[in-house]
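The values are calculated or read from the model by the stated rules, or taken from the named source; none is laboratory data. Just so it is clear, the model here is predicted, and its values are computed rather than measured. Don't worry about glycine lacking a Cβ; one is built from the backbone with ideal geometry, like all the others, and counts go over all protein chains shown. What goes into the accessible areas is simple: the full protein's heavy atoms, side chains included, and nothing from ligands, DNA or RNA. Shrake-Rupley method; radii C 1.70, N 1.55, O 1.52, S 1.80 Å.
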Amino acid sequence: MCGIFGYTGEKTSPSLFISGLSRLEYRGYDSCGLAAILNGKVFLKKRSGKIHQLKKDLRKNRNIKIPICILHTRWATHGSPNKVNAHPHTDCKKEIAIVHNGIIENYLQLKNELIKKGHKFISQTDTEVIAHLIENFYNDSSKTEITLEKAVLKAVKKLKGSFSLGVISKKDPEKLIAVRKGSPLIIGIGKNRSFLASDIPALLAFVSKVIYLGDEEIAILVKEKIKVINFKGEEIRPEIEDVKIKLEEADKRGLEHFMLKEIFEQPKVIRKIFSSYHPAEGFNFPELRFSKDYLKELDKIYITACGTAYHAGYVAKYFLEKYCGLDVEIDVSSEFRYRRLNLKKDSLVIAISQSGETADTLASVREAKTKGAKILSLCNVMGSSLVKESDSVIFTLAGPEISVASTKTYTAQVFCLYLFSLFLGKLKKSLSEETIGRILKELEKIPFYQEEILKESWKVRKIANRFSRFGSFLFLGRGINYPSALEGALKLKEISYIPAEGYPAGEMKHGPIALIDEYRAIVCIALKDELHEKMISNMQEAKARKGKILALINDNDDQASSLSHNVIYIPQVLNQDLSPLLVAVCLQLFAYFVAKKRKCEIDQPRNLAKSVTVE
Ligand code: AGP
């Protein structure tokens, strides 16, 4: 849940490293730091708070040029987000420095053992134990010739949990050691230099070739020389891959926030998914490696995901059931992994995750695999742990998503699953060719409808400004737009900090209606679908209790309009099953403008991080 950046090569100004680290700030922004080997010593700079503070501090050392270093931006797990707990952490003699992403589950036991051996700890972190453990093996007097990588290898074998590490030492001043177990780490291959980073955006400005370090692998980097070994100490040949993302894709391009940029990218992403997975020749999912017979025989699917990805799966549940005649069970991953699910050999589990590193989703997948289930993942990040551990993958092709609040990856996940459900419906013959053709035509139009909404974003802004004064929100939807209500509420609460709840409108009368009064804003998704009349009744009930209604409606809906304080128009799609792809854009804009009006930190909301690699 933190960001790691590392460098070895020609002596370079710290501003280069800061620019790399800044692209990882979405992963955590509680504190940050840098450690380098300079003039035979470990040079250390740490700060609580965001990277711009570290940048300021380093300006005082304007003239330093650094040949090797590690940097870190932290999302605090063990110990408060102060300077002492900031990474890098060092050993007793300040000869070894390390940065860490992940959790060391057995750190207390190791810490106690090391304290008994005389090691002195200064932080409350789990990470510091790693520095002392490496020191312990490095300084083992019985072994005369132990290299840094050997000491690291011995240390990591003692660690339980997930971790990616960057390690440097003044005693082996040319080596940058990278370790991956359960948390992502990528090696960037440059000319006379190498990098390491937790995610691709940090490397885009520097390299065009990368190695996605595999699980339980260690890379030893000396300038451009890269050697990879596994945890058994055996050398392995890593696969070198081209970087497929362009630098501009990870840039704000003059916009104030990544979130706004990413909301506006949705039509482009949807077009890309459509042309990639449904080119002229028909359906084409290159990484879907299941046999047609296997897919044809399926009668049940399990979906596991967290947060926004869970809501995408929830939308998909509706159409997978409707189009493919399947039973679909869906759970948030933190529940899925502990349920006694009746998974059998060859049951299909769909795991949805933007990052592919979400701890609970990975744990669900691992649990499902022990029962013989097959895993299809929907993921946005190549080389992520989820991709590596899945039998089949559908990449969501949304490009880097930097804002902590997921937007374009949500609609990308839903859209990919629509195409998958049509493909499955075709195989299972639960949908006729004619129906599939009709739905495909509508799917192709989705980017145009989304553009219509985006062109009118100023209208959403006006309404959001008005509603931004409310202290709490209810989002109501029915049927396939019930998950849209959940997602709308999540977007609003995570970036504006306003309490917001998503509810199935029909369930209001069983309790939540007690919340309604003139101080409560109620966002109703009231499109002209088969449940429209029911939704109108629910709006009437809310209005009778003086709730302030903002309704998302189709054109010419006087009934819904007359019950609402404000309305936002959603283009009418022939097939309302596709409407979540439009409602989402609207509710994302709404949350964005409310948060902006309230002057919130939109791209980096408090207490959150983009990828949640802890339980
Ligand atoms: C939503 O805006 C959040 N970023 C969060 O709920 C997110 O969807 C969740 O943590 C799952 O992340 P993943 O898709 O990377 O697995």
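Show log10 I(q)/I(0) for the stretch 248-303 at q = 0.28 Å⁻¹, two decimals, from a solvent-free Debye sum over equal Cα scatterers.
For the stretch 248-303, the Cα-only Debye profile gives -1.08.
Determine one quarter of the surface area of the Cα convex hull of the stretch 256-452, which equals its mean projected area, and express it in nm² to one decimal.
10.5 nm²
Show that you can apply the helix-only estimate: for the chain, add -39,500 (n - 2.57) for every DSSP H stretch of four or more residues, divide by all residues, and state [θ] at 222 nm to the nearest 500.
-11000 deg cm²/dmol, from helical runs alone.
May I have the convex hull volume per residue, in Å³, for the Cα set of the stretch 456-603?
Dividing the Cα hull volume of the stretch 456-603 by its residue count gives 94 Å³.
At 0.36 nm per residue, minus the direct Cα-Cα distance, what do SER13 and THR147 gain on full extension? Give it in nm, one decimal, please.
45.4 nm
Please identify which residues in the stretch 122-139 have an amide N closer than 17 Å to a label point set 7 Å out from the Cα of LYS157, following the Cα→Cβ vector.
133-139
What Kirkwood radius, in Å to one decimal, follows from the Cα pairs of the stretch 91-232?
So the Kirkwood estimate lands at 15.4 Å.
If I model a spin label as a point 7 Å beyond the Cα along the Cα-Cβ vector, how far apart are those points for LYS462 and TYR519 in nm?
Spacing of the two 7 Å Cα→Cβ label points: 2.9 nm.
When Rg is the radius of gyration of the Cα atoms in the stretch 295-385 and Rh is its Kirkwood radius, what does Rg/Rh come to?
Values: Rg = 12.1 Å, Rh = 12.9 Å.
That ratio equals 0.94.
Between ASP140 and GLU224, how high is the FRET efficiency from 1/(1 + (r/R0)^6) when r is the Cβ-Cβ distance and R₀ = 30 Å? Nearest 0.05.
With a Förster radius of 30 Å, E is 0.45.
Hey, with R₀ at 22 Å, roughly what FRET efficiency would TYR497 and ASP57 work out to, going by the Cβ-Cβ distance, to 0.05?
The computed FRET efficiency comes out at 0.15.
Hey, what's the stretch 256-452 come to in accessible area per residue, 1.4 Å probe, Å²? Let's see the in-between values first.
Numbers: 7260 Å² over 197 residues.
Solvent-accessible surface per residue comes out at 37 Å².
Which entries in the list LYS543/LYS596; LYS45/LYS191; LYS170/LYS223; LYS491/LYS596; LYS93/LYS171 go over 18 Å, if you measure between the two C-alpha atoms of each?
The answer is LYS543/LYS596; LYS45/LYS191.
Relative to the longest principal axis of the C-alpha atoms of the chain, give the angle of the C-alpha long axis of helix 457-467, reported between 0 and 90° and rounded to the nearest 10°.
The answer is roughly 90 degrees.
Note the angle between two axes, namely the Cα long axis of helix 359-370 and the longest principal axis of the Cα atoms of the chain, as a number of degrees from 0 to 90, rounded to the nearest 10.
90 degrees
Per residue, how much accessible area does the stretch 471-615 have with a 1.4 Å probe, in Å²?
Per-residue value: 38 Å².
Rounded to a whole number, what % of the accessible area of the stretch 456-603 do carbon and sulfur atoms account for, probe 1.4 Å?
48 percent
If you rank HIS532, HIS565 by how much accessible surface each has, with a 1.4 Å probe, what is the order from largest down?
Working: HIS532 20, HIS565 100 Å².
The residues order as HIS565, HIS532, largest area first.
Do the alpha carbons of any pairs in LYS300/LYS445; LYS322/LYS428; LYS94/LYS117; LYS150/LYS232; LYS546/LYS599 sit beyond 19 Å of each other, and which pairs? It would help to have the intermediate numbers written out before the result.
On the way: LYS300/LYS445 30 Å; LYS322/LYS428 13 Å; LYS94/LYS117 17 Å; LYS150/LYS232 11 Å; LYS546/LYS599 28 Å.
Beyond 19 Å: LYS300/LYS445; LYS546/LYS599.
Summarise the accessible area of the stretch 254-316 (1.4 Å probe, protein heavy atoms) by the percent that is carbon and sulfur.
Values: 1350 of 2700 Å².
Answer for the stretch 254-316: carbon and sulfur cover 50 percent of the accessible area.
How far is it, in nm, from the label point at LYS292 to the one at GLN540 when both lie 7 Å from their Cα along the line to the Cβ?
Placing both labels 7 Å beyond Cα along the Cβ direction yields 5.2 nm.
Against the longest principal axis of the chain, how steep is helix 408-428, in degrees 0 to 90 to the nearest 10, with axes from Cα atoms?
Once rounded, the angle reads 70 degrees.
Please report, in cubic angstrom per residue, the volume enclosed by the convex hull of the alpha-carbon atoms of the chain.
So the per-residue hull volume is 159 Å³.
What is the list of residues in the stretch 476-501 whose amide nitrogen lies under 17 Å from a point 7 angstrom out from the Cα of ARG339, following Cα to Cβ?
483
Sorted by mean Cβ packing within 10 Å, highest first, what order do the peptides 344-350, 231-237 take?
Working: 344-350: 17.3, 231-237: 10.1.
Sorting 344-350, 231-237 by mean packing, highest first, produces 344-350, 231-237.
Work out the FRET efficiency for ASP215 and LYS599 from their Cβ-Cβ distance, taking R0 = 45 Å, and round it to the nearest 0.05.
Details: r = 42 Å, r/R0 = 0.94.
Computed FRET efficiency for ASP215 and LYS599 comes out at 0.60.
By how many nm would the segment from HIS565 to LYS65 grow when fully extended, if each residue of separation counts as 0.36 nm and the alpha-carbon distance is taken off?
173.9 nm is the gain from fully extending HIS565 to LYS65.
Place a +1 charge on the Cβ of each Lys and Arg in the stretch 456-603 and a -1 charge on the Cβ of each Asp and Glu, then give the dipole magnitude about the Cα centre in debye, rounded to the nearest 20.
Roughly 740 debye, rounded to the nearest 20.
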